[in-house]
Amino acid sequence: MQALGIDIGTTSICGVVLDAQSGTVLRVENRKNDSFLPPTAPFAKEQDVAKITAQIDALLDVLYDEKTIGVIGVTGQMHGIVYLDQHGAPCSPLYTWQDGRGDISIPGEKSLVEEIRKTCGISVSSGYGLVTHIYNLRHHLVSEQAVCFAAVTDYFGMYLTGRKRPLVHISNGASFGFFDVQRNCFEKELLKTMGVEETWLPDLCTNIKSLGTYRDCVVTAAIGDNQAAFLGAV
């Protein structure tokens, strides 16, 4: 059996076909990720989800062979989020890990990152998905159609399989911030303190779960790119 891996990076999108038994690389394909949107504000680092999806569709047209490939795995950029509607469709740009809205401060006031550290006693950075989400809630930047959020890699797994609700591996979940790595869950009470209701949070999995199928091929839950790099190295 062969396996197809997809890496949705910030600057490039890559695909590789491996022999699942030997690990031998059989084919490799790269695409430039030129999906950055014109900035809506000096701090904004946003990408066009539809353009990313189109790039990966083109990559699949080259690499996917339904006769030989038995599983598709996804990895890619962490921390960032895209909002999803009740049908699992994106209703926002991808707010990437480079986004700076959590560091914005005005004279006499703390930045959101500083406020979270003081109020909740946890360390977070701008670009973490839940920092972005709190800022967007406060500034009325969340679409009325949005019901939850996920990483762009999680969304792509939904796109391939037709899922309406994201299932997020803990490696991606932890990258959003407000995550208890000992219990593998979000810090829901701290989030409530910051005005985030539990209904916004995606479902989590601790193992590499199947999301469903794409043309009869199993698609697994996405994992973070740091974790994928470690697995590839060892």
Query raised in the report: List the pairs whose first member sits in the stretch 106-117 and is under 17 Å from Leu191 (Cα atoms) and part of a helix (DSSP H, G or I), whose second member is open to solvent by 90 Å² or more (accessible area, probe 1.4 Å) and not charged (D, E, K, R), and whose Cβ atoms are under 8 Å apart, counting only residues at least 6 apart or on separate chains?
Result: Arg117/Ser123
Query - Which numbered condition Leu59 fails, given (1) touching a strand residue (DSSP E or B) at 6+ places or on another chain (Cβ under 8 Å); (2) part of a loop (DSSP other than H, G, I, E, B); (3) open to solvent by less than 40 Å² (accessible area, probe 1.4 Å) - result: (2)
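Condition check ((1) among the β-branched types (Val, Ile, Thr); (2) surrounded by 22 or more Cβ atoms within 10 Å (Cβ to Cβ); (3) touching a Lys or Arg at 6+ places or on another chain (Cβ under 8 Å)) across all residues:
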{"site": "Thr11", "(1), (2), (3)": "yes, no, yes"}
{"site": "Ala41", "(1), (2), (3)": "no, no, yes"}
{"site": "Ala44", "(1), (2), (3)": "no, no, yes"}
{"site": "Pro107", "(1), (2), (3)": "no, no, no"}
Report task. Enumerate the pairs (first residue in the stretch 119-136 and over 14 Å from Thr96 (Cβ atoms); second residue anywhere and surrounded by fewer than 21 Cβ atoms within 10 Å (Cβ to Cβ) and modelled with pLDDT of 95 or more) with beta-carbon separation below 6 Å, excluding pairs fewer than 6 apart on the same chain, so at least 6 apart or on different chains. Result -> Cys120/Leu190; Ile134/Met194
Query - Residue selected from the stretch 153-180 under the condition without any contact (Cβ under 8 Å) to a residue 60 or more places away in the chain and assigned to a helix (DSSP H, G or I), by the criterion least open to solvent (accessible area, probe 1.4 Å) - result: Gly173
Report summary line: Of Ala41, Ala3, the only residue that is closer than 26 Å to Ser175 by Cβ and modelled with pLDDT of 95 or more is Ala3
Query - Those residues of the stretch 65-97 which are open to solvent by 20 Å² or more (accessible area, probe 1.4 Å), in a loop (DSSP other than H, G, I, E, B) and small (Gly, Ala, Ser), in sequence order - result: Ala89, Ser92
Requested in this report: May I ask you to list the residues in the stretch 194-211 that are touching a residue at least 40 places away in the same chain (Cβ under 8 Å) and in a helix (DSSP H, G or I)?
Outcome: Thr199, Trp200
Query raised in the report: Which one of Gly157, Gly88, Gly80 is farther than 17 Å from Met194 by Cβ and out of contact with any Ser or Thr (no Cβ under 9 Å at 6 or more places or on another chain)?
Result: Gly88
Query raised in the report: Taking the stretch 185-234 as the search range and keeping residues that are within 17 Å of the chain's Cα centre (by Cα) and within 16 Å of Ile122 (Cα to Cα), which one is least open to solvent (accessible area, probe 1.4 Å)?
Result: Phe186
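The values are calculated or read from the model by the stated rules, or taken from the named source; none is laboratory data. As the structure is a prediction and not an experimental result, all values here were calculated from the model. Positions of Cβ are generated from backbone atoms using ideal geometry, with glycine treated the same way; all protein chains shown enter the neighbour counts. Ligands, DNA and RNA are stripped out before the accessible areas are found, and what is left, the full protein with its side chains, is counted by its heavy atoms. Shrake-Rupley method; radii C 1.70, N 1.55, O 1.52, S 1.80 Å.
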